[in-house]
Amino acid sequence: MKESIYDFIGIGIGPYNLSLAALTEDMEDINALFFDQTPKMEWHPGMLIEGTDLQVPFMADLVTFADPTNRYSYMNYLKDQNRLYKFFFYQKLEIPRKEYNHYLQWATERISGLHFGKKVIDLIDHSDEENSHYEVVVQDRESGEEERYFSKHIVMATGAEPLVLGDMEGFPNEDVLHTSRYLYEKETLLKSDHITIVGSGQSAAEIFEDLLDEREDKDFHLTWLTRSKGIFQLEAAKLGQEFFSPDYVDYFHNLDFEKRKNTLETLDPLRNGIDFSALNRIYELLYHYSVGEQESKITIQPLTEVNGIEKTEKGYELQCKQWQKGDSFKYATEKVVLATGYKPNIPEWFNKRFADKIEWEEENLFAVERNYRLRFKEERDHHFYVVTNLEHSHGTAATNLGLAVQRNMEIINDLTGEQRFKLEGASIFQQFQMEE
């Protein structure tokens, strides 16, 4: 099969690599394949809560920042689905989350070279041959059969997986669950007497709001415990949003490693807060429920970390600590929803095959060039691009949908060695250092 060496193979098909596929679909001189182990395109299906929107405007689709005329734009999706006037009268920049998922599915049905139900189980580096390349070993999830493909370059976009601390694992999914499984277990949750959400951020707020809505005709106790200093709003001011720009990514990447790590904390208000509309809606619901209420069945407490979970006869007991005062306490509940975030999903074969060949900035944090290439110890002409585990190297570009297309434009330009896309200079009003 070595006669068929693809220009690149994408590992993982989420919004990032789907955007890459859309942008290269009409480039006749580029031959690419994409593999994903899931049976079909599903974008965070456990969190497609009715009425929730993306946190970025519709322009953060698969292609618009590179080419607004591309047929895989969100606008063209609306036209194809006869929804343009509905969206026009909707009068919002943000896309409903369920519709964004449907838009991604619409695109996957039209883009070639996408293969679902195919898991990449190994990646062999043939750097010692005349025509250096990668050998991609793929397992069909249904038949178990293995297939082998060969590629000049690799783009790894394996996303993130739920982050659950070790002492919170091993319990039944219907009792102790990560937010990623919320809609799958919601009906079971609603039959309980006490639900506790542990964690902060938008996902925790959306689930808390959704369960508050359900309390209209139910009587369960609802608790929200978060380690954060408070339940604060996401910074949404226009100048603040300019940190999600190529200009800031350039600046951030050029900082030394320690400065980049320290800077991530200062970016928290931009990356980890809660939408103003969600906070307002929660408060309005709380206010209405409090009218004439004799006994409060809603508990909200920040400054509180949960360090463990133990099974009891009536449910679970959380080992908690109010970290500012230093007070430890136990908290009884029947169900637990963990809004503890995500961690990079790095395949097992990666460290086995490449740990000794690449440079690392710190344990588990590989060195990544500005153009998203892994930095190898020895120069090579067959490149390995990563769009997973980039927080330490590219800051706000790590998980922001608004910068995903820009990232793919840079990758395409680099792997083709041509300026396929024009990468503009300064694109925002502010600057982050004085010009020399």
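The values are calculated or read from the model by the stated rules, or taken from the named source; none is laboratory data. Values in this document were obtained by computation on a predicted structure and should not be read as measured data. All Cβ positions, glycine included, derive from the backbone under ideal geometry; neighbour counts span all protein chains shown.
Of the helices (runs of 4 or more DSSP H) lying entirely inside the range 199-301, the ones with 3 or more residues being buried (at least 19 other Cβ atoms within 10 Å of the Cβ), in the same structural domain as Gly326 (by TED's automatic domain parsing) and modelled with pLDDT of 90 or more are found at 202-214. Return yes when Glu418 is assigned to a loop (DSSP other than H, G, I, E, B) and either more than 27 Å from Asp7 (Cβ to Cβ) or without any contact (Cβ under 8 Å) to a residue 60 or more places away in the chain (or both) and no when it is not. Against the criterion (assigned to a loop (DSSP other than H, G, I, E, B) and either more than 27 Å from Asp7 (Cβ to Cβ) or without any contact (Cβ under 8 Å) to a residue 60 or more places away in the chain (or both)), Glu418 qualifies. As a summary of the residue check, Ile121 satisfies the conditions (1) surrounded by 15 or more Cβ atoms within 10 Å (Cβ to Cβ); (2) under 24 Å from the mean Cα position of the chain (by Cα) except for the one numbered (1). Taking (1) without any contact (Cβ under 8 Å) to a residue 60 or more places away in the chain; (2) on the phi < 0 side of the Ramachandran plot; (3) not basic (Lys, Arg) in turn, Gly292 satisfies each apart from (2). Considering the range 67-86, the residues that are buried (at least 19 other Cβ atoms within 10 Å of the Cβ) and touching a residue at least 12 places away in the same chain (Cβ under 8 Å) include one that is farthest from Val155 (Cα to Cα), namely Tyr77. Checking each residue in the range 393-436 for being farther than 23 Å from Met59 by Cα and buried (at least 20 other Cβ atoms within 10 Å of the Cβ) picks out Ser393, Leu415. Can you find a residue that is in a strand (DSSP E or B) and β-branched (Val, Ile, Thr) anywhere in the range 98-114? Taking every residue of the range 98-114 in turn, none turns out to be in a strand (DSSP E or B) and β-branched (Val, Ile, Thr).
Does the range 31-43 contain at least one residue that is modelled with pLDDT of 95 or more, of a type outside the set (S, T, N, Q), buried (at least 17 other Cβ atoms within 10 Å of the Cβ) and within 23 Å of Ser203 (Cα to Cα)? Yes - at least one qualifying residue is present in the range 31-43.
Against the definition (among the aliphatic types (A, V, I, L, M), within 25 Å of Asp67 (Cα to Cα) and either surrounded by 15 or more Cβ atoms within 10 Å (Cβ to Cβ) or touching a Pro at 6+ places or on another chain (Cβ under 9 Å) (or both)), how does Ile346 come out, yes or no? Step through it out loud before you land on a result.
Numbers: among the aliphatic types (A, V, I, L, M): yes; within 25 Å of Asp67 (Cα to Cα): no; either surrounded by 15 or more Cβ atoms within 10 Å (Cβ to Cβ) or touching a Pro at 6+ places or on another chain (Cβ under 9 Å) (or both): yes.
Criteria not met by Ile346.
In the range 310-373, counting only strands (runs of 3 or more DSSP E) that sit wholly within it, the ones holding 3 or more residues that are in the same structural domain as Gly230 (by TED's automatic domain parsing) and over 25 Å from Gly395 (Cα atoms) span 316-322, 327-333, 335-339.
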